[in-house]
Amino acid sequence: SDGDISFMSQSGAFITAVLDWAAERDVGFKDIVSLGNKAVLDESDFVAEWGDDPDTDVILGYLEDINDGSSFVQTAREVTQETPIVLVKSGRTDAGASAAASHTGAMAGSERAYEAGLDKAGTLRVESVQELFDYAQILAGQPLPDGDEIAIVTNAGGPGVMTTDAVGDSDLQLAQFGDETFSRLREEMPDEANIYNPVDIIGDAPAERFETALETVLADDNVSMAVVVACPTAVLSFEELSERVVEQQERFEKPVAATLMGGKSVDAGANVLSEAGVPNYFDPARAVGSLDALRRYREIRATEYEEPTTFDVDRERAREILESGARRGSNRLGVEAMELLDAYGIPTPQGDVVSSPVEAEAIAEEIGDDVVMKIVSPDILHKSDIGGVEVGVPVEDVRDTYEDLVVRARNYQEDATILGVQVQEMVDLDNGVETILGMNRDPQFGPLLLFGLGGIFVEVLEDNTVSVAPVSETEAKGMLDDIDSAPLLRGARGRDPVDEATLVETIQRLSQLVTDFPAIVELDINPLVATPDGVQAVDLRLTLDQEKL
Ligand code: ADP
Ligand code: MG
């Protein structure tokens with residue numbers, strides 16, 4: 001064993017199990033630590049220490065929680081440029097989530113914060129102990145690929161198809177061979193062989209034919225890595241095959257994984273592979289998954305961390321708005337605090353909150369068209385649920401509608417604090433997409449941004465993504481790419497695509513707002529209407545922690 005893996009665990013029992021497991025395999029550990037209660041040293045300390053240790057090639061961790069998410073993200077980001085970090089984070093239930101006042105609070109619970117935080121930290125998060133060690137083995141034993149194209153070489157049709165399916169499930173691509181590769185395979189392989197990827201060199205293949213095929217595909221510039229899938233046959237020696245696979249792997253310095261499909265008969269071959277650091281699995285899906293982990297790690301290494309953009313904003317104005325909200329004695333702010341968004345350059349429709357029917361009419365006349373009217377009360381979280389939103393009100397109905405909205409609010413809660421009624425310009429929803437943009441502050445990772453499909457479907461479809469703020473432009477763009485409904489924003493079904501640049505900028509501006517004001521505990525802009533001409537924040541709800549103001 002080379003002693004090139006360092007491992008930290010928050011469970012002592014798990015360490016014992018791992019040592020037992022490792023004793024039977026050619027897995028060497030450099031350091032193994034039990035994190036215990038993390039009183040003195042925590043996961044960030046060990047990651048930093050191992051990052052500087054030339055004998056640690058891979059860092060593994062089993063974590064139940066993270067002490068200080070922000071410092072972990074910073075430390076891990078740097079270390080992962082040199083040393084891969086693979087983590088199992090055991091899940092926990094989001095008990096607190098249902099108490100949240102915002103949609104974002106309900107959807108962006110602690111489990112998603114970990115997901116986003118560990119992702120931002122550049123770690124490879126795995127779901128199972130098996131994956132943890134699969135990744136460790138291949139990262140310690142194989143070089144990184146220079147692309148994502150994989151070649152499959154097999155002596156059996158069925159397993160070849162299974163391997164191809166596994167490639168389809170991964171982010172790898174089946175390599176398209178160059179002409180030279182085809183002509184060589186055509187020359188060297190039997191007529192019945194399939195020389196297209198997956199290369200099926202058929203059941204009578206001896207080890208030598210495997211080697212020729214592997215050598216040919218690895219020599220191809222269009223191939224970044226290969227998997228060898230071998231079923232036992234009368235003419236095939238797994239041991240000889242393994243020696244030849246190792247030789248070609250070392251010669252081309254491209255990552256290779258093997259799938260020797262058998263029981264005891266594969267042991268001698270498996271040893272040869274293991275000693276050379278070529279991983280071997282019974283299941284082709286594991287071989288492909290591990291190779292895909294190399295691709296992911298390569299991508300992590302290639303990530304250039306850009307600074308978040310700092311926009312020119314009116315921070316003082318924003319502070320005043322938050323403070324005046326706090327002075328009213330409520331921790332919950334709604335559309336009356338809409339100017340907060342204006343102060344940070346997030347567009348809002350024309351309008352105002354007023355406290356009489358006459359004033360409401362005056363605003364509507366100023367807008368000069370049908371308007372939207374909403375009840376404004378810290379006691380009413382979801383305005384439309386109680387009939388507190390009227391869309392498309394003509395000017396002549398504005399006064400009556402004002403009275404109606406107040407009556408409905410009183411019917412809902414007699415002693416509700418009513419701050420007034422918002423009169424707002426209509427936004428063209430027919431040409432727009434209702435999105436949600438929000439933030440929930442996580443105790444470990446800090447502000448967690450959420451972006452997704454908004455409006456009334458928000459909790460039904462739950463199509464959204466989260467990211468730890470502050471986000472860079474690239475990260476903000478990535479959030480847009482991440483949601484399933486991205487094609488909807490990009491002009492599916494003959495619609496005009498929305499103004500993506502402004503949408504991305506709005507995500508960054510909100511990121512700056514919640515980073516500047518730790519007093520904002522959670523915040524929802526729902527909907528943020530995205531149209532071909534820009535975005536409009538139509539609704540706002542936020543919770544304050546007054547002590548942090
Ligand atoms: P709440 O979420 O508290 O019910 P909203 O302000 O989000 O209140 O309004 C509910 C819905 O009414 C929105 O999702 C949107 O479909 C519609 N709506 C609100 N404001 C406007 C507006 N200015 N223009 C067009 N539609 C609006
Ligand atoms: Mg809303």
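The values are calculated or read from the model by the stated rules, or taken from the named source; none is laboratory data. Note that the coordinates shown come from a computational prediction; the quantities given were computed from them, not determined experimentally. Every residue, glycine among them, receives a Cβ derived from its backbone with ideal geometry; neighbour counts consider all protein chains shown. SASA here: full protein model, heavy atoms, side chains in, ligands and nucleic acids out. Shrake-Rupley method; radii C 1.70, N 1.55, O 1.52, S 1.80 Å.
Which one is farthest from the chain's Cα centre (by Cα) among residues in the stretch 270-316 that are under 27 Å from Arg509 (Cα atoms), part of a loop (DSSP other than H, G, I, E, B) and not hydroxyl-bearing (Ser, Thr, Tyr)? Selected residue: Asp314. With respect to (1) in contact (Cβ under 8 Å) with a residue 60 or more places away in the chain; (2) under 21 Å from Asp221 (Cα atoms); (3) of a type in the set (Val, Ile, Thr), the lone exception for Thr181 is condition (1). Of the residues contained in the stretch 218-231, none is found to be without any contact (Cβ under 8 Å) to a residue 40 or more places away in the chain and part of a helix (DSSP H, G or I). Scanning the stretch 16-51 for residues that are outside any helix (DSSP H, G or I) and over 12 Å from Ser6 (Cα atoms) turns up Glu24, Arg25, Asp26, Leu35, Gly36, Asn37, Lys38, Ala39, Val40, Leu41, Asp42. On inspection, Asn526 does not qualify as over 24 Å from Met426 (Cβ atoms), within 16 Å of ligand 2 (Cβ to nearest atom) and touching a strand residue (DSSP E or B) at 6+ places or on another chain (Cβ under 7 Å).
Scanning the stretch 530-549 for residues that are closer than 23 Å to Val433 by Cβ and assigned to a strand (DSSP E or B), which turns out nearest to ligand 2 (Cβ to nearest atom)? Here the answer is Arg541. Pro347 passes every criterion in (1) within 35 Å of the chain's Cα centre (by Cα); (2) within 16 Å of ligand 1 (Cβ to nearest atom); (3) open to solvent by 80 Å² or more (accessible area, probe 1.4 Å) apart from (3). The condition of being touching a strand residue (DSSP E or B) at 6+ places or on another chain (Cβ under 7 Å) and modelled with pLDDT under 95 holds for Gly455. Out of all the residues in the stretch 513-532, which are out of contact with any Gly (no Cβ under 9 Å at 6 or more places or on another chain) and open to solvent by 10 Å² or more (accessible area, probe 1.4 Å)? Correct list: Asp516 only. If you go through the stretch 57-91 and keep only what is of a type in the set (D, E, K, R) and touching a residue at least 40 places away in the same chain (Cβ under 8 Å), you end up with Asp57, Glu64, Asp65, Asp68, Arg77. Here Leu503 does not qualify as part of a strand (DSSP E or B) and of a type in the set (A, V, I, L, M).
Here is the figure for the stretch 195-208: residues that are out of contact with any Lys or Arg (no Cβ under 7 Å at 6 or more places or on another chain) and without any contact (Cβ under 8 Å) to a residue 24 or more places away in the chain total 1. Put simply, of Arg495, Arg490, Arg509, Arg541 the only residue that is open to solvent by 10 Å² or more (accessible area, probe 1.4 Å) and within 15 Å of ligand 1 (Cβ to nearest atom) is Arg541.
Do we find that Asp442 is open to solvent by 50 Å² or more (accessible area, probe 1.4 Å), at negative phi and more than 16 Å from ligand 2 (Cβ to nearest atom) in this structure? Considered against the rule, which asks whether it is open to solvent by 50 Å² or more (accessible area, probe 1.4 Å), at negative phi and more than 16 Å from ligand 2 (Cβ to nearest atom), Asp442 comes out as no. Among residues of the stretch 445-470 being aliphatic (A, V, I, L, M) and within 16 Å of ligand 1 (Cβ to nearest atom), the one that is most open to solvent (accessible area, probe 1.4 Å) is Ile456.
For the stretch 471-487, the set of residues classified as in a helix (DSSP H, G or I), open to solvent by less than 70 Å² (accessible area, probe 1.4 Å) and either of a type in the set (S, T, N, Q) or farther than 17 Å from Gly534 by Cβ (or both) consists of Glu475, Gly478, Met479, Ala486, listed by residue number. Kindly evaluate Asp292 against the criterion of being open to solvent by less than 50 Å² (accessible area, probe 1.4 Å), of a type in the set (D, E, K, R) and touching a residue at least 40 places away in the same chain (Cβ under 8 Å). So Asp292 fits the description; yes.
Out of the residues in the stretch 412-439 meeting the condition of being in contact with a Pro (Cβ under 6 Å, 6 or more places away or on another chain) and near ligand 1 (Cβ under 10 Å from one of its atoms), tell me which one is nearest to Ala530 (Cα to Cα). Going through the qualifying residues, I end up with Glu434. Residues of the stretch 515-529 that are within 13 Å of ligand 1 (Cβ to nearest atom) and either touching a Leu at 6+ places or on another chain (Cβ under 6 Å) or in a loop (DSSP other than H, G, I, E, B) (or both): Ile525, Leu528.
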